Amino acid sequence: HGNRRSGQWEPVGPRPPLAAMFADRTAAGAAVESLWRSVRSARCETKSCQTGKISTAETAVQSHTSRDASVQTDQSKDAVQDFQQEVQVDYTSLLSFLQRVEDAVIKELNKNWKNRAFDGFEVNWTDQNETVLCLHTLSYPEAQDQNLQVTSVSWNATGSVVACSYGRLDGGDWSTEKSYVCTWNLDRRGLNPQRPDLVVDVPSSVMCLAFHPSQPSLIAGGLFSGELVVWDTSRTEDPMIWRTGMTDDTHTDPVYQVNWLPDAKHRNHKRLLSVSTDGKILVWQEERDGRLALAEGFAVVAQQVPRSAQLKKFTWGEAAVGVTSLSFSHFDPRVFVVGVEGGYSLKCSTAAETLALHRTGGSVPLRAPAELAFSRHGGPVYSVSCSPFHRQVLNLFLSCGTDGQVHLHSMLQTQPLLSLQLSKKYLFCVRWSPVRPLVFAAASGEGNCNKRFCFTGDVHLFDFEKSSQKPALSIKQAAGEHPVYCVEFNTKQTRLLAAGDAAGAVRVWQLSSDFTEQGPREMNHLEQLASEITD
């Protein structure tokens, strides 16, 4: 043991006097040379704790030669002989057996050949997708801030752009309320669902839209003011290229549907057809000065609507019948069906020659197109849709209205082939599938709330192959007070369906293969269904 003092150890012994113990002394300092920091900096030396360089070499472990080897054992001669003995056939007995059963087998084969139980059956080796997905929820926040509703949707000629019109279908100050037309390119990289690619300000509520069938950038719209406007979406600065203006020919009520028609005189040109609750169906053609001029027109007047013994008499007298919707036959371009406010669907023809009793100061005399009145709905008809598939022998179409029913009609008889109660709420739109003859879609929802519940907006998908009485699928699009006003199938990208609602949103649904892949003999099934109902 020892005591440490001044950096040294001293033996333990008798304690020195106190003064000697605390005498002042100065010990020499001890210095330790640093090679890591101070000396390296002063001498500019570089020191490292890494060992010296280790030499390395690369060597491949893959062998240069390869050889295939079989793991199957060789079959012995004895085993081959045993196998041959096992498969030996008594051909004499086999022939005798086949001769005995030949007549019975031939009889059963003939029965199967004539049996139609498996007609049209085809094995589908592809994976079936039974889900329906919402790919996009599109909206324009500024329109939603004004509580505007989506009144119409339309797909362009390529199927990549969807457009919607904003307006009001349930009231509002029409004189001061402006609206919008918005487009989104769904194939664009970096799509922003709340920032449309194009926004067109419109001074009046836009009630309906229709893209040109072959020119992807042209879109026509019908306004609450009665005007018709055509925009070119490729012109971002001033997209409006044609308009009717407010003249004596213009509709005096809102335009609820607009269609592009082929021009018989000019193959490269299209004409526009518009329908309105003023009872007029007008056909417009473009002029050089950017004006749409009236080419021909029709008027639906109650007194000139054909009556049937099975139908109640019209109660409107000689007044104009408000037209709400229209659909052309896919088999005869002169034939079309209209839905009217009185609850009827009417078969009409552009070849009509009888002048309408409707008084007008327009530049073109109007004709009476109605040829046949179909059985009445329990309220106004909001939408009609002709089948794009069925043969002219029946020429089927669908209609829907405020009674929540869809009527399946043949143009050959006044009574519906089928009446489907899809909803207790209004049905605002019905569209036949462009790829499935047995499938259609309908948009519903009253949008009224009370203390107990709120109605929701639904998109109903109906498949006659699965049921002739209830929808195959009902999609909840909008909750609360927001009905669905419009639906449109995409004829190019056939798995897409667009639906617009009163909340100001457009939802793009991706349909499952069940709703988009046509089964064999499906059109025959529809014809058989219609024939069974008729019988």
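The values are calculated or read from the model by the stated rules, or taken from the named source; none is laboratory data. Just so it is clear, the structure is predicted and the values come from calculations on it, not from any experiment. Reconstructed Cβ throughout: ideal geometry from the backbone, glycine too, with neighbour counts over all protein chains shown. Note: areas computed on protein heavy atoms with side chains; ligands, DNA, RNA excluded. Shrake-Rupley method; radii C 1.70, N 1.55, O 1.52, S 1.80 Å.
Scan the range 308-319 and give yes if some residue there is among the aliphatic types (A, V, I, L, M), at pLDDT below 85 and within 21 Å of Ser363 (Cα to Cα), otherwise no.
yes
How many residues does the range 225-262 contain that are of a type in the set (Phe, Trp, Tyr) and either touching a helix residue (DSSP H, G or I) at 6+ places or on another chain (Cβ under 8 Å) or crowded, with 24+ Cβ neighbours inside 10 Å (or both)?
Of the residues in the range 225-262, 2 are of a type in the set (Phe, Trp, Tyr) and either touching a helix residue (DSSP H, G or I) at 6+ places or on another chain (Cβ under 8 Å) or crowded, with 24+ Cβ neighbours inside 10 Å (or both).
Consider only pairs whose beta carbons are under 7 Å apart and that are at least six residues apart or on different chains; among these, list those whose first residue lies in the range 187-214 and is free of Cβ contacts under 8 Å to residues at least 12 places away in the same chain and of a type in the set (D, E, K, R) and whose second residue is in a loop (DSSP other than H, G, I, E, B) and surrounded by 11 or more Cβ atoms within 10 Å (Cβ to Cβ).
Final answer for the pair search is Arg188/Asp197.
Give me a count of the residues in the range 338-385 that are of a type in the set (Lys, Arg) and open to solvent by less than 10 Å² (accessible area, probe 1.4 Å).
Final tally of qualifying residues: 0.
Find the residue count for the range 205-222, including only residues that are more than 16 Å from Val258 (Cα to Cα) and in contact with a strand residue (DSSP E or B) (Cβ under 6 Å, 6 or more places away or on another chain).
Within the range 205-222, residues that are more than 16 Å from Val258 (Cα to Cα) and in contact with a strand residue (DSSP E or B) (Cβ under 6 Å, 6 or more places away or on another chain) number 1.
Out of the range 283-305, which residues are open to solvent by 50 Å² or more (accessible area, probe 1.4 Å) and of a type in the set (D, E, K, R)?
Within the range 283-305, Glu286, Glu287, Arg288, Asp289, Arg291 qualify.
Which of the residues that make up the range 320-337 are open to solvent by less than 10 Å² (accessible area, probe 1.4 Å), among the aliphatic types (A, V, I, L, M) and modelled with pLDDT of 90 or more?
The answer is Val323, Leu326, Val337.
Per-residue answers, yes or no, for (1) touching a Ser or Thr at 6+ places or on another chain (Cβ under 7 Å); (2) within 22 Å of Val161 (Cβ to Cβ):
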position: Gln194; (1), (2): yes, yes
position: Cys208; (1), (2): yes, yes
position: His212; (1), (2): no, yes
position: Gln215; (1), (2): no, yes
position: Gly222; (1), (2): yes, yes
position: Trp231; (1), (2): no, yes
position: Thr250; (1), (2): yes, no
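Scanning the range 386-420 for residues that are of a type in the set (S, T, N, Q) and open to solvent by 10 Å² or more (accessible area, probe 1.4 Å), which turns out modelled with the lowest pLDDT?
The residue in question is Gln392.
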